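Structure first, then comments.
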Amino acid sequence: MTRVNKAETLFASRGRNEPNKHERNLDMSVRPLRSVLYMPATNQRALEKAKTLPVDAVVFDLEDAIAPDVKTAARDKACEAVRAGGYGSRQVVIRINDFSTPWGEDDLDAALAAGPDAVLVPKINRREDVVVLSQSIASSESADTRLWIMVETPMAILNIDQIAAASQSDAARLACFCMGTNDLEKETRARLNPGRASMQTWLSQSVCAARAYGISILDGVYNDFNDADGFRAECEQGLELGMDGKTLIHPAQIGICNEVFSPSDEEVAWARRIVAKFDSPENANVNVMSIDGRMVERLHADFARRTIAIADAVGK
């Protein structure tokens, strides 16, 4: 594969506007990403347990959860687990170290050789970062591997629309934003208090950019895994903001997360009713109609189809 040689090469300055190609990521939009669990790659027992957990994706972490003296061992364990498989329908992701560290380049090479569903890259700041990474993935033997990125720096927030637009290039692999709220708190000195008032603008900006270019987006972690009520409230806030799901730090958080981010029976029933009405031959040219006393537009039928697709995928 073409190796990413230096951090300055990854962050080299270049740019152009790309045509919008939402269809590139539509397959991701109907694959559930309600619950995405970070797991330290050094913990062999945790890697095995992940095969039984009701999560939509697992992230084998080589970064924050791993001490410097065991980074290489963690990389080997993560790649071995990916090759061994056994994770069923769960997406398997490797989070590498960033390219300013001694491990980032080797992490990327090893991860791509193992062939996970996605590689999650931290400290992405500009569109050019995504372009170079996408080219590296496209030229590797794991061309089907997708690129997930952490949105966790002030520069990333300032450039979020152009970062998302990089998903439209011919070699694009960008499929998901993962919000790094702990790092945003550290870098901006904002207070991450209940309700996250200081971050709602940044979270909403990122959701808008993701939706504009057909990218999935996951909310940041909730640190107190013993606070079930607080966690539920933040999941509900993330859903209200438009997040696809939430990143997790403990298996105890999975149940609530799946419940909040799954369509309810009532939502699914209403969605099926909308789709049935707009799909009926007599309504082929109707764009607005009244259903059970509510005015519904054809655009709501598209949203309803996605709700049904997510519910069907969860049911499987």
Handout entry: Scan of region 161-214 for residues that are over 28 Å from S136 (Cα atoms) and either among the charged types (D, E, K, R) or touching a Gly at 6+ places or on another chain (Cβ under 6 Å) (or both), ordered by number
Key = E185, K186, E187, R189, R191, R196
Practice task
Report the residue count in region 174-202 for those that are closer than 22 Å to I249 by Cα and in a helix (DSSP H, G or I).
Solution key: 9
Practice task
Would you be able to say whether some residue in region 199-220 is of a type in the set (G, A, S), more than 17 Å from the chain's Cα centre (by Cα) and surrounded by 15 or more Cβ atoms within 10 Å (Cβ to Cβ)?
Solution key: no
Exercise for the section: Test A46 against the criterion of being modelled with pLDDT under 90 and more than 18 Å from A118 (Cβ to Cβ), and give yes or no. Expected result: no
Handout entry: Answer residue from region 43-63, given it is free of Cβ contacts under 8 Å to residues at least 60 places away in the same chain and in a helix (DSSP H, G or I) and is most open to solvent (accessible area, probe 1.4 Å) among those
Key = R45
Exercise for the section: Return yes when D161 is within 23 Å of T188 (Cα to Cα), of a type in the set (D, E) and part of a loop (DSSP other than H, G, I, E, B) and no when it is not. Expected result: no
Problem - I66 being more than 18 Å from the chain's Cα centre (by Cα) and open to solvent by less than 40 Å² (accessible area, probe 1.4 Å) - result: yes
Handout entry: Conditions (1) touching a residue at least 24 places away in the same chain (Cβ under 8 Å); (2) open to solvent by 60 Å² or more (accessible area, probe 1.4 Å); (3) among the aliphatic types (A, V, I, L, M): number failed by L239
Key = (1)
Exercise for the section: Check whether at least one residue in region 28-42 is part of a loop (DSSP other than H, G, I, E, B), touching a residue at least 40 places away in the same chain (Cβ under 8 Å), of a type in the set (G, A, S) and in contact with a strand residue (DSSP E or B) (Cβ under 6 Å, 6 or more places away or on another chain), and report yes or no. Expected result: yes
Exercise for the section: Tell me, yes or no, whether region 94-112 has at least one residue that is in contact with a strand residue (DSSP E or B) (Cβ under 8 Å, 6 or more places away or on another chain), crowded, with 19+ Cβ neighbours inside 10 Å, at pLDDT 95 or above and part of a strand (DSSP E or B). Expected result: yes
Fill in the blank from the handout: Given the conditions (1) out of contact with any Asp or Glu (no Cβ under 7 Å at 6 or more places or on another chain); (2) closer than 22 Å to I217 by Cα; (3) not in a helix (DSSP H, G or I), every one holds for I137 apart from (3)
Exercise for the section: List every residue pair whose Cβ atoms lie under 7 Å apart, where the two residues are 6 or more positions apart in sequence or sit on different chains, the first residue falls within region 289-316 and is over 22 Å from V30 (Cα atoms), and the second residue, located anywhere, is open to solvent by 70 Å² or more (accessible area, probe 1.4 Å). Expected result: M289/K277; I291/R273; I291/K277; M295/V288
Practice task
Identify, by number, the condition in (1) charged (D, E, K, R); (2) under 24 Å from L174 (Cα atoms); (3) open to solvent by less than 70 Å² (accessible area, probe 1.4 Å) that R306 doesn't meet.
Solution key: (3)
Exercise for the section: Could you list, in sequence order, all residues of region 119-135 that are open to solvent by 10 Å² or more (accessible area, probe 1.4 Å) and either free of Cβ contacts under 8 Å to residues at least 24 places away in the same chain or of a type in the set (S, T, N, Q) (or both)? Expected result: N125, Q135
Practice task
Please state which of the following conditions M150 fails to meet, knowing it meets all the rest: (1) closer than 12 Å to W202 by Cβ; (2) open to solvent by less than 10 Å² (accessible area, probe 1.4 Å).
Solution key: (1)
Exercise for the section: Please find, within region 270-288, the residue that is surrounded by the most Cβ atoms within 10 Å (Cβ to Cβ) out of those that are among the basic types (K, R) and farther than 18 Å from V30 by Cβ. Expected result: K277
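The values are calculated or read from the model by the stated rules, or taken from the named source; none is laboratory data. Keep in mind the model is a prediction, meaning the values are calculated, not measured. Counting neighbours? That spans all protein chains shown, and the Cβs are built from the backbone with ideal geometry, glycine included. For accessibility, only protein heavy atoms count, side chains too; no ligands or nucleic acids. Shrake-Rupley method; radii C 1.70, N 1.55, O 1.52, S 1.80 Å.
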